[in-house]
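Visitor: Take this structure, written in structure tokens, and hold onto it; I'll ask about it next.
The values are calculated or read from the model by the stated rules, or taken from the named source; none is laboratory data. All values derive from a computational prediction rather than experimental measurement. Neighbour counts run over all protein chains shown; Cβ positions are idealised from the backbone, glycine included. Please note that ligands, DNA and RNA were not included when accessible areas were found on the heavy atoms of the full protein model with its side chains. Shrake-Rupley method; radii C 1.70, N 1.55, O 1.52, S 1.80 Å.
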Amino acid sequence: MSNTLSLATICVLFLFIVPDTALAVDIDFAHHFIASSYSDDSRQIRAVDMDQDGDMDLVTGSVYFATGELSWWENDGNQNFTEIKIAHDSDNFWYVEVGDMDVDGDIDIVTARDDEYVNCRLTVWENDGNQGFTPLDILNNGNSVFHSLGVEDIDNDQDLDIVSTKGASTVFWMERTTGLSFVYHDIDTQCNNLGYATYPSDVNSDGYMDIAGCEMGAFQTVWWENDGNQVFTKRVMASFSGEPGRVVAEDVDNDGDTDAVVTLYTDEMYVLENDGAQGFTKHLIENGFPSIQEITVGDIDLDDDLDIVAAGYWTNEMRWYQNDGGLTFTTHVLPGGGSMSPRIVDDLDGDGDPDLIAASWVGQTYSWWESDCLMTLEISPDPLIAGSNGHFAVSNGEPYTMTYLAYSLNGERNTYVPYLDVWLGLANPAQGGPSKFTDGNGQVAWDLSIPLVVQGFEVWLQAAQHGKVSRVIHTSVQ
């Protein structure tokens, strides 16, 4: 094949089809400390572009005999994080969430905090736009601690409300009205020993935000159905032989309805598969992860289904469960330690693939895990010039592996290549230049002549190996 941007379609070579299930992508995660020896017990971590400079910053909360810290960590763009303390030696910050609570265009913080199990408060920390924060206590619950915290638009009025629990028996929500004014509403005051999570989600797909949760005393996972007027009815998802402690409710099997993932204090984890009518079937996916508690879900391997990340509270171990698309999961142990607040971040380091964050109260650390799910494709010049050479460089590929450069003149669309076990994001893709092996560092490059016949066209490009692709790059030819 010549060193010219070829018009030969890859589909002739690789037989594009759409399979019933997605195939596994091999991903390695590199562990990085954000703080390797923190002064307090690290508990909460969230990722958000706090200063709106185009990279992801972090917000953390810690506990230590009412002398914890609430901080945000500024990312310099190269994942070097500088801690900026918001509250120092002040309270235990058990739960932390972020969002634009006053609808003024900047990111505020919501915390559940206390003075060592007294003076328990929900607090909104108002951002002045320059990351100066003013605390406003919106609820003081005395000596009854908060066991969960979530921010979501519960009443469909285009602003963020708050969902939480107090004590072991009450689920409630705080309705934002104007500014930072909130109105308290009970959801259920007769719960049987609530678990440590409530999860806002539209469980029955009717357009209204419901709430999922756990009743440890009843050994069951439940959801509270919203009738559209924020009148909630409790319904049982599933019963267990052990105590369920955490739940998230999302469409795990990608069939258009809301499932749930539940952890039990018996070292087990289940997926509750929704039949579309809110009948749930239990699927055991873990029965030997000591002290498994906190979980999160997201598409880690970019195969259009939801994977799971779980943390061991006492074992300080992180695992992720790769979904094959059919509710069969492959378990991977992550390097480094994490015991609290695992989260999947869309892209912490700007390379296009999801990364992970977590806190460890056992190790007093905050960490992030860098994914190598995607290769990096860079082109020059950008835009390309017809009749001249273009340079196409790939990095972060698998070493000594055959690599392909694909392009499309027809835009983006998911196209499956069985030969490579990958999805391309290109419509009617074609192969540009000869396939090449990467070097020992996973790098390869092409210098290709850009044909005059494509002058004035838009072009979409992507690199591919077996089980691995780059982001799609959109450019034009001048």
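Visitor: Working only within segment 28-42, note down all residues that are polar (S, T, N, Q) and open to solvent by 60 Å² or more (accessible area, probe 1.4 Å).
Guide: SER36, SER37, SER39
Visitor: Further question: If you check GLY228 against the conditions, is it modelled with pLDDT under 95 and of a type in the set (Gly, Ala, Ser)?
Guide: Against the criterion (modelled with pLDDT under 95 and of a type in the set (Gly, Ala, Ser)), GLY228 does not qualify.
Visitor: Oh, and also: Can you tell me how many residues within segment 369-390 are closer than 24 Å to ILE300 by Cβ, open to solvent by 40 Å² or more (accessible area, probe 1.4 Å) and among the hydroxyl-bearing types (Ser, Thr, Tyr)?
Guide: Residues that pass the stated criteria total 1.
Visitor: Another one. Has segment 92-99 got any residue that is open to solvent by 10 Å² or more (accessible area, probe 1.4 Å) and among the hydroxyl-bearing types (Ser, Thr, Tyr)?
Guide: Checking segment 92-99: at least one residue is open to solvent by 10 Å² or more (accessible area, probe 1.4 Å) and among the hydroxyl-bearing types (Ser, Thr, Tyr).
Visitor: Could you list, in sequence order, all residues of segment 210-258 that are open to solvent by less than 30 Å² (accessible area, probe 1.4 Å) and in a loop (DSSP other than H, G, I, E, B)?
Guide: GLY228, PHE240, GLY242, VAL252, ASP253, ASP257, THR258
Visitor: Can I ask one more? Check TYR400, TYR404 and return the single one that is hydroxyl-bearing (Ser, Thr, Tyr), more than 30 Å from TRP73 (Cβ to Cβ) and in a loop (DSSP other than H, G, I, E, B).
Guide: Numbers: TYR404 fails: in a loop (DSSP other than H, G, I, E, B).
Residue meeting the stated conditions: TYR400.
Visitor: A further question follows. Return the residue satisfying two criteria in turn: it lies in segment 103-120 and is more than 24 Å from the chain's Cα centre (by Cα) and in a loop (DSSP other than H, G, I, E, B), and of such residues it is surrounded by the most Cβ atoms within 10 Å (Cβ to Cβ).
Guide: My answer is CYS120.
Visitor: Taking the stated definitions as given, is TRP460 part of a strand (DSSP E or B), aromatic (Phe, Trp, Tyr) and either open to solvent by 10 Å² or more (accessible area, probe 1.4 Å) or closer than 26 Å to ASP324 by Cα (or both)?
Guide: yes
Visitor: From the residues in segment 465-478 that are within 28 Å of ASP421 (Cβ to Cβ) and at pLDDT 95 or above, which one is surrounded by the fewest Cβ atoms within 10 Å (Cβ to Cβ)?
Guide: It comes out as HIS474.
Visitor: Ok, one more. Can you pull out the residues in segment 274-321 that are assigned to a strand (DSSP E or B) and within 21 Å of ASN204 (Cβ to Cβ)?
Guide: Within segment 274-321, the subset assigned to a strand (DSSP E or B) is 274, 280-286, 292-298, 307-312, 318-321.
Within segment 274-321, ASN274, PHE280, THR281, LYS282, HIS283, VAL297 qualify.
Visitor: Quick one: is TYR366 among the aromatic types (Phe, Trp, Tyr), surrounded by 23 or more Cβ atoms within 10 Å (Cβ to Cβ) and within 28 Å of the chain's Cα centre (by Cα)?
Guide: Spelling it out, TYR366 is indeed among the aromatic types (Phe, Trp, Tyr), surrounded by 23 or more Cβ atoms within 10 Å (Cβ to Cβ) and within 28 Å of the chain's Cα centre (by Cα).
Visitor: Can you say whether THR170 is of a type outside the set (A, V, I, L, M), over 17 Å from THR111 (Cα atoms), in contact with a Pro (Cβ under 6 Å, 6 or more places away or on another chain) and open to solvent by less than 40 Å² (accessible area, probe 1.4 Å), as far as the supplied structure shows?
Guide: Judged against the criteria, THR170 is not a match.
Visitor: Looking at (1) crowded, with 19+ Cβ neighbours inside 10 Å; (2) closer than 17 Å to TRP369 by Cβ, which one does ASP346 not meet, given that it meets all the others?
Guide: In the conditions (1) crowded, with 19+ Cβ neighbours inside 10 Å; (2) closer than 17 Å to TRP369 by Cβ, ASP346 misses (1) alone.
Visitor: Here's another thing I want to ask about it. Any residue at all in segment 393-409 that's under 30 Å from PRO342 (Cβ atoms) and open to solvent by less than 50 Å² (accessible area, probe 1.4 Å)? Please lay out each step first, then the result.
Guide: Pass one, segment 393-409, residues under 30 Å from PRO342 (Cβ atoms): 395-399.
Of the ones still in play, those that are also open to solvent by less than 50 Å² (accessible area, probe 1.4 Å) are 395, 397.
Yes, the conditions are met somewhere in segment 393-409.
Visitor: From the list GLY397, GLY425, GLY411, which one is within 29 Å of the chain's Cα centre (by Cα), within 27 Å of ASP324 (Cβ to Cβ) and free of Cβ contacts under 8 Å to residues at least 60 places away in the same chain?
Guide: Exactly one of GLY397, GLY425, GLY411 is within 29 Å of the chain's Cα centre (by Cα), within 27 Å of ASP324 (Cβ to Cβ) and free of Cβ contacts under 8 Å to residues at least 60 places away in the same chain, namely GLY425.
Visitor: Taking THR178 as the residue in question, decide whether it is closer than 19 Å to GLY245 by Cα, free of Cβ contacts under 8 Å to residues at least 40 places away in the same chain and surrounded by fewer than 20 Cβ atoms within 10 Å (Cβ to Cβ). Give the derivation first.
Guide: Working: closer than 19 Å to GLY245 by Cα: no; free of Cβ contacts under 8 Å to residues at least 40 places away in the same chain: yes; surrounded by fewer than 20 Cβ atoms within 10 Å (Cβ to Cβ): yes.
It is false that THR178 is closer than 19 Å to GLY245 by Cα, free of Cβ contacts under 8 Å to residues at least 40 places away in the same chain and surrounded by fewer than 20 Cβ atoms within 10 Å (Cβ to Cβ).
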